Amino acid sequence: MNKVSLAIRELHRSENDLATELLRTADRHKVDHEIFHVARDIAGWSQQHVRELARAGHDYDLDLDLDDEPQGVHEVLAEVRRKGSEMLGRRHTPSVLLLRDLRTVHRMAAGVSLDWEILAQTAQALSDRELLALSERCHPQTLRQLRWANAKLKEIAAQTVITD
């Protein structure tokens with residue numbers, strides 16, 4: 001396996017992990033409709049990136065699963081989390097959990113963004129137009145995921161940290 005293959009495989013894995021974390025965050029905070037719906041929507045971007053990376057990997061002798069879905073939690077556990085979130089509402093503890101979850105999403109999206117930068121620079125150096133086009137299509141969505149998490153963190157951080 002060459003280094004380009006390794007970069008594609010790592011990005012495939014990190015996009016899948018980001019999608020999983022976004023879906024978990026949505027499930028944990030179902031009572032917050034914006035978090036629930038936006039996190040689910042932008043998780044779909046990462047799921048699409050996973051499929052596109054799998055197709056691109058074939059050019060580099062990679063056999064990545066085209067339909068690699070996030071390694072989410074079992075549906076029963078997800079439903080328990082949803083019900084718990086609904087019962088707790090927006091009390092202090094859920095806001096601390098949301099802060100933690102958004103920090104995790106932010107850090108993961110920042111890592112994925114760096115991986116897209118590395119892949120784009122590599123594609124440019126190799127004159128691989130298809131790989132460069134993939135990076136140029138997907139990276140802006142990752143940046144939007146990162147900005148969304150950052151904006152939500154700014155919105156809730158102070159209130160979460162200073163309230164009892």
Exercise. Any idea which of 148, 134, 120 is furthest toward the positive side of the dipole for region 95-164, if Lys and Arg beta-carbons carry +1 and Asp and Glu beta-carbons -1?
Worked result: 148
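For region 93-137, what does the accessible surface come to per residue with a 1.4 Å probe? Please give it in Å². Intermediate values should be presented prior to the final figure.
Numbers: 2500 Å² over 45 residues.
Using a 1.4 Å probe on heavy atoms only, each residue of region 93-137 averages 55 Å².
The values are calculated or read from the model by the stated rules, or taken from the named source; none is laboratory data. All values derive from a computational prediction rather than experimental measurement. Virtual Cβ from ideal backbone geometry, glycine too; neighbours counted across all protein chains shown. For the accessible areas, the whole protein counts, side chains as well, though only heavy atoms, and no ligand, DNA or RNA atoms are used. Shrake-Rupley method; radii C 1.70, N 1.55, O 1.52, S 1.80 Å.
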